[in-house]
Amino acid sequence: MTLWLILIIGPMLFGLYAQFRVHSAYNKNVQIPSRGRITGREAAAAVMESAGIHDVEIVQVPGQLSDHYDPSNRRLALSEQNYHGTSLAALGVSAHEAGHAIQHKVGYAMMTVRQTLVPATQISSGAAQLLIIIGIVLGAKGLGGIFLTLGAVALAVICLFQLITLPVEFDASNRAKAQLVNLGILDRDEMHGVNETLNAAALTYVAAFVASLGSLLHILLILSGSNRRD
């Protein structure tokens, strides 16, 4: 029971805390306008142009914090609030996504590995829970054990993907923070709001990895207990 609390409930609570942190930090700093009044779109374009990137399309997408960089289609997508916004949060998030475009251009190794794992991770994400549920219903021995093992393999793929995501996200944030100051988009004393927003966002990636790792260890313990009983 104690292990179950540590491996499942603990990461779940950590995830909720991370989501609270990121929304709290974003909602706070989206209210603070930058002195230069440059928009998120303009900031992302400036960061990419400084790196010699001229072939990435910047588009507006619906939703809040739906921002992302699509390396396959060379597209940088910004949510409406960040695309048009001039806040510290908008500039931080936009520059962060531009940081991913720079990673793509320079061939940042961890991003390359991450993209290679995308197809396997998508399959694993769709299959993991189903395999585990079937395994639990059938029991940890025999056919049920096979399903649980396959579920554990799927979770391991997801864990690996999320582990590799951590340095990719941290590096993109570091590139964004440096460029916002180097290009004169923000003054150094404005960076607190950017740091707060991006650090909170990074925490959600840590929480996702911890949650997947907890689930994987839980399944492995079930399988290990079944083997010992045999």
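The values are calculated or read from the model by the stated rules, or taken from the named source; none is laboratory data. Given the structure is predicted, the values throughout are model-derived calculations rather than measurements. FYI the Cβ positions are ideal-geometry reconstructions off the backbone, even for glycines, and counts take in every protein chain you see. Heavy atoms of the whole protein, side chains included, go into the accessibility calculation; ligands, DNA and RNA do not. Shrake-Rupley method; radii C 1.70, N 1.55, O 1.52, S 1.80 Å.
Here is how the numbers come out for the structure above:
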{"item": "Largest-first ordering by accessible area, 1.4 Å probe, given options 161, 20, 147", "result": "20, 147, 161"}
{"item": "Nearest-20 debye value, the stretch 1-114 charge dipole, Cβ charges on Lys, Arg, Asp, Glu", "result": "280 debye"}
{"item": "Carbon and sulfur %, accessible surface of the stretch 1-150 computed with the full protein complex present, 1.4 Å", "result": "63 percent"}
{"item": "Within the stretch 30-94, percent of DSSP bridges classed antiparallel, to nearest 5", "result": "45 percent"}
{"item": "0 to 90° range, to nearest 10: angle between helix 40-50 axis and the chain longest Cα axis", "result": "80 degrees"}
{"item": "11 Å reach of a label modelled at residue 65, 7 Å along Cα-to-Cβ, counting backbone N of the stretch 185-208", "result": "197-205"}
{"item": "Packing-based ranking, highest mean first, of 219-225, 36-42, 77-83 given that Cβ atoms within 10 Å are counted", "result": "77-83, 36-42, 219-225"}
{"item": "Accessible area in square angstrom per residue, the chain, 1.4 angstrom probe", "result": "50 Å²"}
{"item": "Dipole of the stretch 149-211, positive end: most advanced residue of 150, 164, 200 [Cβ charges, Cα centre]", "result": "150"}
{"item": "Dipole magnitude of the chain about its Cα centre (Cβ charges: Lys, Arg +1; Asp, Glu -1), debye to nearest 20", "result": "540 debye"}
{"item": "For the chain, built as a Gaussian network whose Cα springs stay under 10 Å, the top-fluctuating residue of 71, 11, 62", "result": "62"}
{"item": "Residue-count net charge about residue 20 - beta-carbon cut-off 14 Å; Lys, Arg +1, Asp, Glu -1", "result": "+1"}
{"item": "Spatially proximal lysines relative to residue 105 (Cα-Cα < 30 Å; intrachain offsets below 8 disregarded)", "result": "177"}
{"item": "Full-stretch length increase - residue 73, residue 138 - with 0.36 nm per residue and alpha-carbon distance subtracted", "result": "19.1 nm"}
{"item": "Rg [Å, one decimal], Dmax [Å, integer] - the stretch 135-178, C-alpha atoms", "result": "17.5, 55"}
{"item": "Positive-end residue of 79, 7, 178, charge dipole of the chain with Cβ unit charges", "result": "7"}
{"item": "Cut-off under 5 Å, modelled amide H: who pairs with residue 58 long-range", "result": "76"}
{"item": "At R0 = 22 Å, FRET efficiency that the Cβ-Cβ distance of residue 118 and residue 55 yields, to 0.05", "result": "0.55"}
{"item": "Relative contact order [Cα under 8 Å, 6+ residues apart], the chain, whole percent", "result": "28 percent"}
{"item": "Heavy-atom SASA rank of 209, 170 (probe 1.4 Å, accessible area, largest first)", "result": "170, 209"}
{"item": "Fluctuation leader among 86, 149, 197 - the chain, Gaussian network, Cα springs under 10 angstrom", "result": "149"}
{"item": "Candidates 195, 29, 182: whichever shows maximal mean-square fluctuation once the chain is modelled as a Gaussian network with Cα springs under 10 Å", "result": "182"}
{"item": "Over the chain: helical MRE at 222 nm, DSSP H runs n ≥ 4 each giving -39500 (n - 2.57), nearest 500", "result": "-25000 deg cm²/dmol"}
{"item": "Angle between the chain longest axis and helix 109-138 axis [Cα atoms, degrees, rounded to 10]", "result": "40 degrees"}
